[in-house]
Amino acid sequence: MNRPESSEERVEPSAELRRLAQDLKPPRTVALVGLMGAGKTTVGRRLAAALQLPFVDADVAISEAAGRTIPEIFSEHGEDEFRRGERQVIARLLTGPVHVLATGGGAFIDTRTRALMKERAISIWLKAPLDVLMKRVEKRGDRPLLQQDDPRAVMERLIAERYPIYSEADLIVESSSGPHNIAVAAVLEALRGHLTKQA
Ligand code: S3P
């Protein structure tokens, strides 16, 4: 029932990532936001390993809570109902212990979910170029919003609608076409800068 990302894949952080994460102790959950294909799950899992924190994929948690896959929730109950479940699950997760949370692309766009994340998490927008997003989403056909004749046009529309909102995240990190560990390293550096400023 779960998506492949939910498997308990163990990721051993590289020496470089370990060094970048040394003594870094986020006081709140680190929530990755951004469009489908930005790498939130892969980067999140590696980030969690480097920080020695638990990793949670919000979509997997929603799917587990509903006993249905994300496409089933969308087709049986519609997007509004999915957003309601997403809001509830993220609210529950954000009252729990500090972890790294990969959120679905629309979570930060929902006004109430965003307010919760601003209050209780450190939000990081993983920003990737359109071509990179498209190449990554082509690998998986289970995203209801992209089950359209022209998924690239959908993505372009989402970029126009959502980028101004993602830009409200606490931190913005570019995630390019290169290895995911480059983005993980960039997130760790951004996080260190942020926590030093807050201290
Ligand atoms: C969505 C993104 C998906 C999933 C759902 C809706 C969105 O998550 O939550 O299909 O609105 O952008 P990913 O960003 O992990 O693909």
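The values are calculated or read from the model by the stated rules, or taken from the named source; none is laboratory data. Bear in mind the structure is a predicted one, so any value in this text is a computation, not a measurement. Methodologically, a virtual Cβ is constructed for each residue, glycine included, from the backbone with ideal geometry; neighbour enumeration extends over all protein chains shown. Heads up: the accessible areas ignore ligands, DNA and RNA and are worked out on the full protein's heavy atoms, side chains in. Shrake-Rupley method; radii C 1.70, N 1.55, O 1.52, S 1.80 Å.
So, in the range 51-79, of the ones that are among the charged types (D, E, K, R), more than 14 Å from GLY104 (Cα to Cα) and in contact (Cβ under 8 Å) with a residue 40 or more places away in the chain, which residue ends up surrounded by the fewest Cβ atoms within 10 Å (Cβ to Cβ)? Filtering first and then ranking leaves GLU64. As a summary of the residue check, TRP125 satisfies the conditions (1) open to solvent by less than 50 Å² (accessible area, probe 1.4 Å); (2) over 15 Å from the mean Cα position of the chain (by Cα) except for the one numbered (2).
If you check GLU64, GLU76 for being more than 13 Å from the ligand (Cβ to nearest atom), under 21 Å from GLN147 (Cβ atoms), acidic (Asp, Glu) and part of a helix (DSSP H, G or I), only one passes: GLU76. When restricted to residues that are within 16 Å of the chain's Cα centre (by Cα), surrounded by 11 or more Cβ atoms within 10 Å (Cβ to Cβ) and of a type in the set (Gly, Ala, Ser), the range 146-184 contains 4.
If we keep just the residues of the range 80-104 that are assigned to a helix (DSSP H, G or I) and touching a residue at least 60 places away in the same chain (Cβ under 8 Å), which is farthest from the ligand (Cβ to nearest atom)? Looking at residues that are assigned to a helix (DSSP H, G or I) and touching a residue at least 60 places away in the same chain (Cβ under 8 Å), I get LEU94.
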